[in-house]
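Below: one structure, written as structure tokens.
Just so it is clear, none of the values below were taken in a lab; they were calculated from the coordinates. Everything numeric here is computed off the predicted structure, so don't read it as measured data. In this analysis, Cβ positions are derived from the backbone assuming ideal geometry, glycine residues included, and neighbour counts consider all displayed protein chains.
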Amino acid sequence: MIRVVLSSPGQVEAEGLLRPVSGELEPVTSEGSRLGSEAGEDVLERLRRVGSLPVGGAVITPGGALTARYFIHVVIQSQDEPVTVSGVGRALVNGLRRAEEWGLERLALPPLGTGAGSLEAEASAGIMVETIREHLVRAHYPREVIVAVASDYEQDAFRREVERAGFGTATNGS
């Protein structure tokens, strides 16, 4: 099931929390930066030891002080490759694979690749909902993916895609 909620990803009750990062594994949003700080220095140090990954890469770490047990960091841009629909799709595929490998029942994530100079909410919703739907049809985990959006605009864009795909629900809370 795909669920859309108007909430911060960190406020959603889930086993795994997916966070968009750069190729150097640095947060690409203020929310991602805040979540990294909340997870704690041990998590950030573990992530620094990984080094760098190409766009589309994904790495899982413990959730640290977050309520989610695991943090999945997905690379959506690098110094050489800006945010694209294709890059977001590759990153999400690999993030979902990490959730499946670890048997995570419920995964929370924000819209990927949105923000100033990046993808519009509709483009993000289109690639994300289709990628999640394809994964959920063939995989055992996660059983539920919760897209935590920050605005009514994002909620409307994701709600339309979820309804079009016929694969989930859109709600106002977490």
Tally Lys/Arg at +1 and Asp/Glu at -1 over every other residue whose Cβ is under 14 Å from the Cβ of Ser78; what's the total?
-> -3
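Neighbouring Cβ atoms within 10 Å as the yardstick, rank Ser8, Ser22 fewest first.
Ser8, Ser22
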Looking at the square roots a ≥ b ≥ c of the eigenvalues of the Cα gyration tensor of the range 1-104, which shape do they give, rounded for a/c under 1.5, prolate if a/b is larger than b/c, or oblate?
-> rounded
Short version: ³J(HN,Hα) in whole Hz for each residue of the range 25-36, in order, from phi by Karplus 6.51 cos²θ - 1.76 cosθ + 1.60 (θ = phi - 60°), x for Gly and Pro, what are they?
-> 6, 9, x, 10, 9, 5, 4, x, 5, 4, 5, x
Net charge near Gly23, counting Lys/Arg +1 and Asp/Glu -1 over other residues with Cβ under 9 Å of its Cβ?
-> -4
For the chain, built as a Gaussian network whose Cα springs stay under 10 Å, the top-fluctuating residue of Gly126, Gly23, Gly117 | Gly117
Report the one residue of Phe158, Leu107, Leu44 whose Cα lies farthest in the direction of the positive end of the charge dipole of the range 2-170 (charges on C-beta: Lys and Arg +1, Asp and Glu -1; origin at the Cα centre).
-> Leu107
Compute the Cα gyration tensor for the range 74-152, then decide on rounded, prolate or oblate, letting a ≥ b ≥ c be the square roots of its eigenvalues: rounded whenever a/c is under 1.5, prolate when a/b is larger than b/c in the other cases, and oblate in all that remain.
-> prolate
The chain: calculated mean residue ellipticity at 222 nm from DSSP helix runs of at least 4, using -39500 (n - 2.57) = -12500 deg cm²/dmol
Expressed in nm to one decimal, what extension gain is obtained for the pair Val50 and Arg34 from 0.36 nm per residue of sequence separation less their Cα-Cα distance?
-> 3.7 nm
What list of ³J(HN,Hα) values in whole Hz, one per residue of the range 59-76 in order, does the Karplus curve 6.51 cos²θ - 1.76 cosθ + 1.60 (θ = phi - 60°) give from phi, with Gly and Pro shown as x?
-> 9, 10, 10, x, x, x, 7, 5, 5, 6, 6, 10, 10, 10, 9, 10, 8, 10
Computed magnitude of the charge dipole of the chain (debye, nearest 20; Cβ of K, R +1, Cβ of D, E -1) | 400
Packing-wise, with mean Cβ within 10 Å as the measure, how do 9-18, 146-155 rank, highest first?
-> 9-18, 146-155
Please report the relative contact order for the chain, taking Cα pairs under 8 Å with a sequence separation of at least 6, and give it as a percent rounded to a whole number.
-> 33
Net length gained if the chain between Arg143 and Glu163 were fully extended (0.36 nm per residue, minus Cα distance) = 5.4 nm
